[in-house]
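Here is the structure we will look at.
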Amino acid sequence: MSSAIGLTSLLPTLLLDVTGLAFATAIGVLGFLVLPRKRKQVSRQFDTRLDNLCSGFKETLTQQLDHALDHVTTEIEHNISPLLGLCRQQRKQSERRLQKVQEMRAELARLESDLRHQFGTTP
């Protein structure tokens, strides 16, 4: 009977020790094997999401910059178009005047030649 009392008093504490050891072992395995793997997985997911976010940001920024450049270019072209028209008009006038000067020089040279021929002078 005393051995039965001893067994009944030792058995619950022995079971608590065995379950405590099993629980501690499970936590140790979880800490050494599962958690680092899970940490790497979460880190990879974070990196992937961050890369996607950066790519989207670059694309959006590039689109907005292209749009702004197109707008500025159009605005500049619109603002300088009257000046370009004026420059073209002035150039045409200058070309006509230059042509007239060249014609007048040719006529002057012809007249000088005629005068020399008529009066018999040589240069």
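Rule-based calculations on the coordinates, nothing more; no lab input. Just so it is clear, the model here is predicted, and its values are computed rather than measured. Quick reminder, even Gly has a Cβ in these numbers, built from the backbone with ideal geometry, and neighbours come from all protein chains shown.
Show me, for the stretch 68-77, the HN-Hα J-couplings you get by feeding each phi into the Karplus relation (A = 6.51, B = -1.76, C = 1.60, θ = phi - 60°), rounded to Hz, glycine and proline as x.
My calculation for the stretch 68-77 gives 5, 5, 4, 5, 5, 4, 4, 5, 5, 4 Hz in order.
Would you mind calculating the gained length between L33 and R88 on full extension (0.36 nm times residue separation, minus the Cα-Cα distance), in nm to one decimal?
Taking L33 through R88 to full extension adds about 11.8 nm, to one decimal.
Contour minus end-to-end for T60 and Q45, with contour as 0.36 nm per residue of separation and end-to-end as the Cα-Cα distance?
3.2 nm
What lysines could a cross-link reach from K58, if we take a straight Cα to Cα line under 20 Å and drop same-chain neighbours fewer than 8 places away?
Once the sequence-local lysines are set aside, nothing remains near K58.
Step through the residues of the stretch 78-93 one at a time and calculate ³J(HN,Hα) from phi using the Karplus curve (6.51 cos²θ - 1.76 cosθ + 1.60, θ = phi - 60°), rounding each to whole Hz and writing x for Gly and Pro.
With the stated coefficients, the stretch 78-93 comes to 5, 6, 9, 4, x, 5, 4, x, 4, 4, 4, 5, 5, 5, 4, 4 Hz.
Given labels modelled 7 Å from the Cα in the Cβ direction, how far is it in nm from F119 to L53?
Label-label distance for F119 and L53, simple model: 9.6 nm.
Restricting to Cα atoms and excluding each atom paired with itself, what does the Kirkwood estimate give for the stretch 36-123 in Å?
On the way: mean 1/r = 0.0487 Å⁻¹.
The answer is 20.5 Å.
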